[in-house]
Amino acid sequence: MVNNTSIVKVWRFNPETDREPYYKTYEVHHEENATVLDCLNYIYEYLDPSVSYRYACKIGFCVSCLMVINGKPGFTCLKIAEKEMTIEPQIKKAKLIKDLATDFRDD
């Protein structure tokens with residue numbers, strides 16, 4: 001088992017309390033071949049339970065974990081973590097709820 005570290009810059013914004021979006025940086029320890037979703041789960045479980053994001057199926061089918069990872073859209077459940085990552089919500093395709101969590105419903 002190899003442990004790796006990633007520096008993860010997460011886009012944060014709560015429309016109810018924040019005036020502007022901002023980035024918060026986390027140091028994430030993970031195993032080799034961890035996914036971006038694994039890193040987000042680590043942040044939530046061990047570093048900052050206030051971060052909001054969505055996922056459901058963990059196999060790239062449900063679309064709920066679609067985010068922008070280092071400037072490119074991708075599924076966090078399928079994308080392998082990199083040494084440095086910037087994670088942003090996919091708000092061009094969906095309405096922002098909070099932080100990385102978006103609403104894909106057609107209202």
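The values are calculated or read from the model by the stated rules, or taken from the named source; none is laboratory data. Quantities reported herein were computed from a predicted structural model and do not represent experimental measurements. Positions of Cβ are generated from backbone atoms using ideal geometry, with glycine treated the same way; all protein chains shown enter the neighbour counts. To get the accessible areas, we keep the full protein, side chains included, count just its heavy atoms, and leave off ligands, DNA and RNA. Shrake-Rupley method; radii C 1.70, N 1.55, O 1.52, S 1.80 Å.
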- Query: Looking only at residues in the range 25-84 that are aromatic (Phe, Trp, Tyr) and within 18 Å of residue 7 (Cβ to Cβ), which one is farthest from the chain's Cα centre (by Cα)?
  - Reply: 46
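Looking at the range 53-65, which of the residues that are hydroxyl-bearing (Ser, Thr, Tyr) and under 17 Å from residue 85 (Cβ atoms) is surrounded by the most Cβ atoms within 10 Å (Cβ to Cβ)? Before the answer, list the steps.
From the range 53-65, those hydroxyl-bearing (Ser, Thr, Tyr) are 53, 55, 64; that's our starting set.
Next cut, under 17 Å from residue 85 (Cβ atoms) only: 53, 55.
Working: 53: 23, 55: 19.
The extreme case among them is 53.
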- Considering only the range 47-80, state which residues are without any contact (Cβ under 8 Å) to a residue 12 or more places away in the chain and either part of a strand (DSSP E or B) or within 16 Å of residue 9 (Cα to Cα) (or both). 49, 50, 72
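Quickly run through the range 89-105 and pick out the residues that are without any contact (Cβ under 8 Å) to a residue 40 or more places away in the chain, open to solvent by less than 50 Å² (accessible area, probe 1.4 Å) and not in a loop (DSSP other than H, G, I, E, B).
103, the sole residue that qualifies.
Results for (1) open to solvent by 80 Å² or more (accessible area, probe 1.4 Å); (2) touching a strand residue (DSSP E or B) at 6+ places or on another chain (Cβ under 9 Å); (3) not β-branched (Val, Ile, Thr), shown as yes or no for each residue.
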| site | (1), (2), (3) |
| --- | --- |
| 26 | no, yes, yes |
| 29 | yes, yes, yes |
| 36 | no, yes, no |
| 40 | no, yes, yes |
| 48 | no, yes, yes |
| 51 | no, yes, no |
| 67 | no, yes, yes |
| 70 | no, yes, yes |
| 87 | no, yes, no |
